[in-house]
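All of the numbers you see were taken from the coordinates with simple rules; none came from a lab. Keep in mind it's a predicted model, so treat the numbers as computed, not measured. All Cβ positions, even for glycine, are placed from backbone atoms using ideal geometry, and neighbour counts span all protein chains on display.
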Amino acid sequence: MGPYDFKPRSRDGLGIDWPYTYDDLAPYYDKVEALIGVFGSNEGLENTPNSPPGILLSPPRPRAYELLIKNASAKLQVPVIPSHLAILTQALDAKKVSALLHPNDPRAAGTLTDAMRNRLPCIWATPCGRGCAIRANYQSTTVHLPPALASGNLDIVTDAMVREVIVAPNGKATGVHYIDKKTGQEVQARARVVVLAASGCESARILLNSKSGLFPDGLANSSGKVGRYLMDTVGSDLSGQIPALEGCPAYNEDGVSGMHLYTPWWLYQQQLSGKLDFPRGYHIEIGGGREMPGVGTFEDLDDLTGGGYGKKLKEDARRYYGSFVGFSGRGEMIPNEDSYCEVDPDKKDAWGIPVLRFHFKWSRHEEKQAAHMQKTFAEIIDAMGGKVLGKPQLDGKKAIAPGGSIIHEVGTTSMGADPKQSVLNQYCQAWDVKNLFVTDGGPFVSNADKNPTLTIMANAWRSCEYLLGAMKKGEL
Ligand code: SF4
């Protein structure tokens, strides 16, 4: 996220400002990027911050369809730049990065160095979404957990379904109550500090289910804000077929299975001068090329050719394979009073724990943004000399993907500067319970178009530094 994304209300009067600024979080973005390994480039674009020199890994070369999209977008003044993905395009300098992250702790630096050396650079060959056997892409199971386990300070309890946070009569959290999913047994885990990181919504569910005499409306909920300000990302897709890419000879399209190029939001100035009919922006994720064919490939083919059989189907497949491109807009949703979750009074899960029920409403802001996405995608496909598959949907209500489908759910345990208006302070510490923290996407009070994982990690790192400092001072 960039400087604007932390102060949205101050900029356009909508939504909620974060209780800190971009500058407060920037050092933690740098640390996370150094730790997990992110490829990309520094382009100096508005509200798309550069990383310090030496942090980003070199990006992979664009593929043919990506270059065509870049050229066509340039005619429309739409920037297309190397994407930022957490995949190693080169080996990390394990010793240097570990020393940078743990300057005063040689033992931690050594443990991290060993773990980092087990990660190899990408071999451009396999679907990243299924997990990466050589640990080139970022996954918590291969990047965070191995060094934490090697430190000797981590126990992992699996199949533990947390029902509630336990609270002592003095109002402090003393641990969690969970159900062992294998045996059905009720178990308590005791703790000096409880950190919930169960994902936005699930952490809210645990808090709302942690009712007691002291906290009859759920834990950390004196503001009534637990479950509120639920956000997802605005999504809308459009595909096209590009005759220039038809009938290409077989060639090697080496690359990661994600995009090598993308478009960050580029219309800040037009928005400022009132030329757009919606606030906030979106980025564009692009896809296409000779990826592994799936059912969707044949649906696209059928749409184009009217269907085929036998020899004709084979000829069509050879001709059109690799000539499809796809655009996915990912935009900012502004939190609203109608989008929230609460505990369902009637329904329970398989372990007898009450589930959440959801209320969700897009506003006109998001719908207009989705319509703008469709118009832009159609213009780019047209500038490529291509055909839009189907029709661009200019009715925003129909263009927008259903809430929850982009699975960027954030909010529901909002952070803020005012205990009456938020659940957590700026360090993700519950206002009502000093030794309780929430460090997933729940603390977000805005959901900028940038995908949330990096911000979740940077914010969690900042909160954990505060937590450790407070423990050392004996405050927790
Ligand atoms: S393409 Fe993806 S899964 Fe394959 S090695 Fe590279 S990062 Fe790992």
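Numbers at a glance
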{"read-out": "Lone qualifier among Thr111, Thr141, Thr126, Thr174 - being hydroxyl-bearing (Ser, Thr, Tyr) and within 30 Å of Pro216 (Cβ to Cβ)", "value": "Thr174"}
{"read-out": "Qualifying positions in the stretch 243-292 - crowded, with 17+ Cβ neighbours inside 10 Å, within 16 Å of the ligand (Cβ to nearest atom) and among the aliphatic types (A, V, I, L, M)", "value": "Val256, Met259"}
{"read-out": "Leading residue by the ranking (surrounded by the fewest Cβ atoms within 10 Å (Cβ to Cβ)) among those in the stretch 317-344 that are aliphatic (A, V, I, L, M) and touching a helix residue (DSSP H, G or I) at 6+ places or on another chain (Cβ under 6 Å)", "value": "Val343"}
{"read-out": "Which listed residue is surrounded by fewer than 14 Cβ atoms within 10 Å (Cβ to Cβ) and either assigned to a strand (DSSP E or B) or without any contact (Cβ under 8 Å) to a residue 40 or more places away in the chain (or both), from Pro53, Pro121, Pro146", "value": "Pro53"}
{"read-out": "Residues located in the stretch 429-476, provided they are part of a loop (DSSP other than H, G, I, E, B) and aliphatic (A, V, I, L, M)", "value": "Val433, Val445, Ala448, Leu476"}
{"read-out": "Residue ID - farthest from the ligand (Cβ to nearest atom), chosen from residues in the stretch 121-153 that are of a type outside the set (Gly, Ala, Ser) and more than 24 Å from the chain's Cα centre (by Cα)", "value": "Asn153"}
{"read-out": "Output for the stretch 345-392, where each listed residue is surrounded by fewer than 18 Cβ atoms within 10 Å (Cβ to Cβ) and acidic (Asp, Glu)", "value": "Asp346, Asp349, Glu379, Asp382"}
{"read-out": "Residue, surrounded by the fewest Cβ atoms within 10 Å (Cβ to Cβ), within the stretch 75-106, restricted to residues that are within 14 Å of the ligand (Cβ to nearest atom) and of a type in the set (A, V, I, L, M)", "value": "Ala91"}
